[in-house]
Amino acid sequence: MPSSAATGRVPFRRPVVSLLLSCALVVTATGCGGDDKGSTSSSASPSGTSSAEAQKFAKTRFVTNAGLAAGATYQWIVKPYRAGKFKKGADGRTFALVKAGLAGGFTYNRLKAAVTNAKGDPLLSKAVAPLTAGIESLKGLGTKLRKGEAGEGDIGAFESVINSIKSAGSSAGADVKDKVPTTSQLGG
């Protein structure tokens, strides 16, 4: 019989360790959220940004989101489709379909975010406004891709919407370049 079991040290150690950890958490939590009435600090009150800065950030976010959508579409939907990866019996078909399905959902999400970002810039907002119906048409295509039910028309819909977003951005002074997201970004 081990000496620690005979003396009862193991059962006593656990409550002490958990008590110390609990105290450390309480001390840390109260130390982080203290009320500094006597000290002066730079508060985190938001400072206003000029409309020019807001428009610049809107364009930047639009370009980033649209670029990620374009990159995902090309890398994991269009390119594998043209290479024949989605055909029955193709080597790596299941993996390609799963990635295409994730990319489809990711593309839809990033395009919706890009449209939201475009609302911060009047010129960009006008250029992107007619494309919302096209973006909405992509909503269920991610699932269709994942199940292996997508055809040439579905792939063409992705390409068409991406090209329309790129040209709308370009006409508003926001050139969109393809940015391939990482696989972890696709998964959420």
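The values are calculated or read from the model by the stated rules, or taken from the named source; none is laboratory data. All values reported here derive from a predicted model rather than from experimental measurement. Cβ sites come from the backbone with ideal geometry, for glycine too, and all protein chains shown count toward neighbours. Surface accessibility is based on the protein's heavy atoms, side chains included, excluding ligands, DNA and RNA. Shrake-Rupley method; radii C 1.70, N 1.55, O 1.52, S 1.80 Å.
The mean sequence separation of alpha-carbon pairs under 8 Å and at least six residues apart, normalised by the residue count of segment 51-188, gives a relative contact order of 39 percent.
In segment 77-122, with Lys and Arg counted as +1 and Asp and Glu as -1 at Cβ, which of these residues, Ala113, Phe95, Gly84, has the Cα nearest the positive end of the dipole, that is, farthest along it? Working it through, the farthest residue towards the positive pole turns out to be Gly84. For segment 61-159, the solvent-accessible area works out to 48 Å² per residue, with a probe of 1.4 Å and every protein chain left in place. For a straight C-alpha distance cut-off of 29 angstrom, the lysines reachable from Lys126 (same-chain residues fewer than eight places away being disregarded) are Lys56, Lys59, Lys112, Lys139, Lys166, Lys177, Lys179.
Using the average count of surrounding beta-carbon atoms within 10 Å as a protection proxy, the listed peptides 67-78, 133-144 rank, highest first, as 67-78, 133-144.
Ligands, DNA and RNA left out, the 1.4 Å accessible surface of segment 104-161 is 55% carbon and sulfur atoms.
Can you tell me the mean projection area, over all orientations, of the convex hull of segment 70-119's alpha carbons? Units nm², please. List each step's numbers first, then the result.
Working: hull surface 12.9 nm².
Average of the hull's projected areas for segment 70-119 equals 3.2 nm².
Placing one equal scatterer on every Cα of segment 134-188 and applying the Debye formula, the log10 ratio I(q)/I(0) at q = 0.27 Å⁻¹ is -1.11.
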